[in-house]
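The values are calculated or read from the model by the stated rules, or taken from the named source; none is laboratory data. Since the model is a prediction, treat every value here as computed from it, not as a measurement. Don't worry about glycine lacking a Cβ; one is built from the backbone with ideal geometry, like all the others, and counts go over all protein chains shown. For the accessible areas, the whole protein counts, side chains as well, though only heavy atoms, and no ligand, DNA or RNA atoms are used. Shrake-Rupley method; radii C 1.70, N 1.55, O 1.52, S 1.80 Å.
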Amino acid sequence: MLSNQILQNCIDGTKAITRRELAVIEREGKIIASTNDSEVNSIVESVENFIASPAESQLVQGSHYFKVFDNGVAEYVVCITGEDDETYRIGKITAFQIQHLIIAYKERYDKDNFLKNLLLDNLLLVDIYSRAKKLDIENNVRRIVYLIEVEVDKDLNVLEIVRGIFPDKLKDFVTAVDEKSVILVKELTDSEHLESIGQTARMIYDTLTAESLSNIHIAMGTIVSDLKNVSQSYKESKMALEVGKIFEPDRFIVNYEELGIGRLIYQLPVNLCRMFINEVLHGTSMSQFDSEILVTVNKFFENNLNVSETSRQLYIHRNTLVYRLDKLQKQTGLDLRNFDDAIVFKITLMVSKYLEHIENMLYSK
């Protein structure tokens with residue numbers, strides 16, 4: 001059903017062009033939109049009689065009335081003041097416009113409903129293809145799911161902003177599964193691959209940032225070529241968003257195909273992760289390490305285990321860096337100047353982040 005604001009905007013626009021007074025009344029006789037509040041009370045009784053009659057239009061007491069149907073039932077009545085032929089034509093056009101607004105919004109709602117059920121795996125395979133055919137949605141085309149998460153801002157409708165970026169409703173579908181997540185199912189051409197997919201994500205990020213939205217994260221699943229696999233791309237985008245937040249919190253655009261070792265760690269059993277941490281750290285935890293040591297280690301990894309470059313970027317003497325690495329070696333038995341030991345400790349850092357994330361989730365519940 002159309003919102004009252006949409007109907008009000010419709011007749012306000014018509015009045016601005018034609019300078020005629022209009023009103024829209026529900027089948028129960030309640031006036032829900034009007035361009036002249038001073039006259040609305042006088043038409044209620046006339047409308048109730050008109051709804052009960054078989055006529056589709058009628059001239060009553062200086063005003064034309066027109067029924068607007070939804071599935072054969074008169075849902076609205078358009079009332080326009082005036083008795084001449086021009087008034088009749090304007091009223092007829094307004095009723096026709098509202099009629100097609102109903103169709104358009106029902107179609108969008110049906111597609112939204114279909115898309116949500118498709119993403120959430122709530123449809124049987126036979127239902128996917130039959131409903132897609134009825135809604136004129138093609139099956140065998142390349143698609144990808146973008147999951148856009150933003151900090152909730154009541155003054156901005158993120159869903160409509162994203163729909164404005166992708167207005168082609170026959171190819172690109174935009175919906176929301178909760179108050180802070182918007183999903184874009186985008187159709188791709190044969191020439192669109194990893195680079196162009198990333199460019200699209202960057203364009204979305206820049207647009208939302210320009211709207212003063214904050215804490216924006218965008219994740220993409222893999223490309224699928226069958227409609228039934230869209231839910232798979234959605235699940236991958238959800239995993240990518242989660243993995244990105246755990247292992248690269250400063251990265252705001254994440255692709256499922258570029259998660260690296262983080263994707264492997266995310267899917268490990270928690271008990272196995274704890275066993276690995278105990279084995280490497282000998283019963284201690286990463287939280288017990290000096291923050292100065294951890295900053296040094298991360299910078300050391302960033303510089304590919306280069307002692308000179310790391311000490312230069314940390315503004316410390318080379319011997320100070322060596323002292324910190326030796327201190328870590330005494331605590332863990334791992335010499336990060338050795339490639340194999342560096343790999344073990346890098347994985348230990350990532351597994352510790354994952355366990356911390358799990359514990360925070362359990363605590364928040």
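Cβ-Cβ distances below 6 Å connect no pair with a first residue in the range 48-66 that is in contact (Cβ under 8 Å) with a residue 60 or more places away in the chain, a second residue that is open to solvent by 40 Å² or more (accessible area, probe 1.4 Å), and a separation of six or more residues or different chains.
Under the condition of being farther than 19 Å from residue 349 by Cα and hydroxyl-bearing (Ser, Thr, Tyr), the residues counted in the range 273-329 number 5. Identify, please: which residue in the range 221-267 is in a loop (DSSP other than H, G, I, E, B) and in contact with a helix residue (DSSP H, G or I) (Cβ under 7 Å, 6 or more places away or on another chain) and is, among those, least open to solvent (accessible area, probe 1.4 Å)? That would be 221.
Within the range 281-291, does at least one residue satisfy the condition of being open to solvent by less than 90 Å² (accessible area, probe 1.4 Å), in a helix (DSSP H, G or I), among the hydrophobic types (A, V, I, L, M, F, W, C) and touching a Leu at 6+ places or on another chain (Cβ under 6 Å)?
No, the range 281-291 contains no residue that is open to solvent by less than 90 Å² (accessible area, probe 1.4 Å), in a helix (DSSP H, G or I), among the hydrophobic types (A, V, I, L, M, F, W, C) and touching a Leu at 6+ places or on another chain (Cβ under 6 Å).
Among all residues of the range 149-156, there is none that is in a helix (DSSP H, G or I), among the basic types (Lys, Arg) and either farther than 18 Å from residue 253 by Cα or open to solvent by less than 20 Å² (accessible area, probe 1.4 Å) (or both).
Residues in the range 161-178 that are assigned to a strand (DSSP E or B) and out of contact with any helix residue (DSSP H, G or I) (no Cβ under 6 Å at 6 or more places or on another chain) were compared, and the one that is farthest from residue 151 (Cα to Cα) is 177. A search for C-beta distances below 8 Å between a residue of the range 160-182 that is touching a residue at least 24 places away in the same chain (Cβ under 8 Å) and any residue that is among the hydroxyl-bearing types (Ser, Thr, Tyr) and open to solvent by less than 20 Å² (accessible area, probe 1.4 Å), counting only pairs 6+ apart in sequence or on different chains, returns 182/175. Residues being basic (Lys, Arg) and touching a residue at least 12 places away in the same chain (Cβ under 8 Å) are entirely absent from the range 310-317. Counting only helices (runs of 4 or more DSSP H) wholly contained in the range 295-365, the ones carrying 3 or more residues that are hydroxyl-bearing (Ser, Thr, Tyr) and either under 20 Å from residue 247 (Cα atoms) or touching a Ser or Thr at 6+ places or on another chain (Cβ under 9 Å) (or both) occupy 339-364.
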